[in-house]
Amino acid sequence: MSSCRQIAAQLLAPGKGILAADESIATMSARLQDAGVEPTADSRRDYRELLAATPQLSRSVSGIIFCDETLRQTFSDGTPFPKAVTALGILPGIKVDTGAKSCPGLPGEKITEGLDGLPARLAEYAEMGAVFAKWRAVIEITDSTPTPGAIRVNADALARYAAACQEAGLVPIVEPEVLMDGDHDRERCANVTAEVHAAVRADLALLNVDLAGIVLKPNMIVEGQGNTSQSTPEEVAEHTVSVLKAWPDDLAGVAFLSGGQSPERATANLTAMQRHKTPWPLTFSFGRALVSPALAAWHGEPDLVAAGQTALAERVAANGAAASLRSELQSA
């Protein structure tokens with residue numbers, strides 16, 4: 001358990017965050033195709049290497065989350081991805097859920113699957129070099145959802161996953177995402193997120209999960225994408241921290257997901273968070289908000305790898321600076 005605490009502390013090091021490069025094959029292929037890149041295993045590998053090999057990435061990135069396919073692939077020089085990123089000073093991680101599927105008995109709601117055979121897969125991933133894992137639960141807000149049943153089953157799955165990870169010596173990233181889909185307001189997001197977090201905390205406690213050895217990856221408290229009123233960064237920060245304060249002091253820390261926000265808005269909101277005192281660090285674990293500019297700049301052209309890496313480096317540096325602001329403010 002102490003190793004999980006040590007790794008969690010490394011993932012949450014001051015001024016650093018986690019890069020989420022763990023899109024499924026289907027999702028990554030669709031994004032490549034939209035960018036004009038043929039969606040093959042080789043092109044997915046090329047893109048993930050472009051990201052991971054960005055010069056000086058470790059200055060602001062502590063870990064990278066990969067999918068199963070990437071963890072089994074190699075850099076162009078033949079070095080396995082886990083070994084290659086470790087050599088670059090970055091911790092390798094792995095997404096271990098198998099996706100959100102329709103939940104029986106709960107029309108329109110989802111349950112994340114992947115618990116079957118999980119201990120054996122975790123042991124294999126650890127042998128390959130992964131030191132942390134991720135599991136994403138998906139909660140959607142509508143007039144009739146989420147139901148208590150959807151919250152309950154997803155909290156249970158997150159807790160069972162987290163306990164299995166810690167038994168295997170891997171740090172679990174616990175991701176209960178309340179989606180931005182819909183036209184709900186910020187208050188509705190806050191209320192639902194608080195209810196989801198309460199259920200997750202309760203189930204983690206039932207399975208004796210060590211909070212000092214996990215990373216919480218929540219959504220920020222924002223209105224739905226269909227809502228005509230957009231919250232300011234200060235409003236997002238105030239409501240988000242208010243919900244998070246229900247977590248105990250021994251939680252290792254929080255690494256926010258971007259959840260479909262624009263890269264600039266996600267960074268502005270993260271920056272505003274740092275002005276609030278919390279017993280644990282607040283950093284980033286962004287996917288699209290970091291990698292979308294890189295993909296747009298590269299779009300599959302070998303001569304534009306450096307352009308893609310520059311685009312990623314700029315977004316990473318901006319968020320690293322936001323995460324660094326916390327220590328600067330608290331030491332002032």
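Descriptive notes on the structure:
- Inter-residue pairs, beta-carbon under 8 Å, first without any contact (Cβ under 8 Å) to a residue 60 or more places away in the chain and more than 22 Å from Arg72 (Cα to Cα) and in the stretch 1-30, second among the small types (Gly, Ala, Ser) and surrounded by 19 or more Cβ atoms within 10 Å (Cβ to Cβ), 6+ apart: Ala13/Ser62
- Pair list, Cβ under 6 Å, 6 or more apart: the stretch 79-103 residue surrounded by 14 or more Cβ atoms within 10 Å (Cβ to Cβ), other residue modelled with pLDDT of 95 or more and among the acidic types (Asp, Glu): Lys95/Asp22; Thr98/Glu113; Cys103/Glu109
- Here Ala252 meets the list (1) at pLDDT 95 or above; (2) over 22 Å from Trp135 (Cα atoms) almost entirely, failing just condition (2).
- Any chance Gly117 is over 20 Å from the mean Cα position of the chain (by Cα) and either closer than 23 Å to Phe66 by Cβ or surrounded by fewer than 16 Cβ atoms within 10 Å (Cβ to Cβ) (or both): yes
- Conditions (1) assigned to a loop (DSSP other than H, G, I, E, B); (2) within 28 Å of Ile94 (Cβ to Cβ); number of the one not met by Ile173: (1)
- Note on the stretch 16-29: residues that are modelled with pLDDT of 95 or more and in a loop (DSSP other than H, G, I, E, B) amount to 2.
- Qualifying residue in the stretch 250-264 (condition: farther than 19 Å from Glu195 by Cα, crowded, with 22+ Cβ neighbours inside 10 Å and of a type in the set (Phe, Trp, Tyr)): no
The values are calculated or read from the model by the stated rules, or taken from the named source; none is laboratory data. Predicted, not measured: the structure shown is a model, and the values here were computed from it. FYI the Cβ positions are ideal-geometry reconstructions off the backbone, even for glycines, and counts take in every protein chain you see.
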